[in-house]
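A short worksheet on the structure shown next.
Each value in this text was obtained by applying a stated rule to the coordinates, not by laboratory testing. Remember, it's a predicted structure, so these values are computed and weren't measured experimentally. Using ideal geometry, Cβ is built from the backbone for each residue, glycine included, and neighbour counts are taken over all protein chains shown.
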Amino acid sequence: QPLNISEPIAGNYYPVNAMIGLEDKSAETAFVVVTDVAQGGSSINDGSLELMVHRRLLADDARGVQEPLNETMCGCNDINAPPGQMGAHGHLGDGGCWCEGLTMRGRHWLIFDNVDSANSQR
């Protein structure tokens, strides 16, 4: 039975720990992004490549997590829930939080080369 992917975008993001790339078999060339920070990567359309460095949502986007993704530098809890009371997303409220989002630092190296040389850059 064929695999049924009901989330064509989210279901095609994969962990990128070192590198992600595209190959042009007819030209025997490759485009590779080497990274020093783990992130999500995908190639949703032929010839396209995207990396998701960090995802922050202040409201539930109804895509499976069932709560806001509000990772912050100060560790906020349920957004705008009264202090000491349980918020709508099952966390103890802190009265609202306006801290900075997480800071992600890393580097990306772009490589355009033949397939063998591009893959040896790992």
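Just to confirm a number: summing +1 for Lys and Arg and -1 for Asp and Glu over residues other than Asp46 whose beta-carbon lies under 15 angstrom from that of Asp46, what do you get? Walk me through the numbers on the way to the answer.
Numbers: positive: Lys25; negative: Glu23, Asp24, Glu50.
Its environment carries a net charge of -2.
Classify the stretch 1-76: rounded, prolate or oblate, from the alpha-carbon gyration tensor (a ≥ b ≥ c, eigenvalue square roots; a/c under 1.5 rounded; otherwise prolate if a/b is larger than b/c)? Present the calculation step by step, with values, prior to reporting the outcome.
On the way: a/c = 3.20, a/b = 1.51, b/c = 2.12.
The shape class here is oblate.
Given the C-alpha centroids of the stretch 103-122 and the stretch 23-68, what is the distance between them in whole angstrom?
Here the answer is 15 Å between Cα centres.
7 Å from Cα along Cα→Cβ at both Ala27 and His54: what's the point-to-point distance in nm?
3.5
Each label point is 7 Å from the Cα along the Cα-to-Cβ direction; what then is the distance between the points at Leu3 and Asp113, in nm?
Going from the Leu3 label point to the Asp113 one covers 3.0 nm.
What order, most packed first, do the peptides 45-52, 17-24 have when packing is the mean number of other Cβ atoms within 10 Å of each residue?
Numbers: 45-52: 10.8, 17-24: 15.0.
Output ranking for 45-52, 17-24: 17-24, 45-52.
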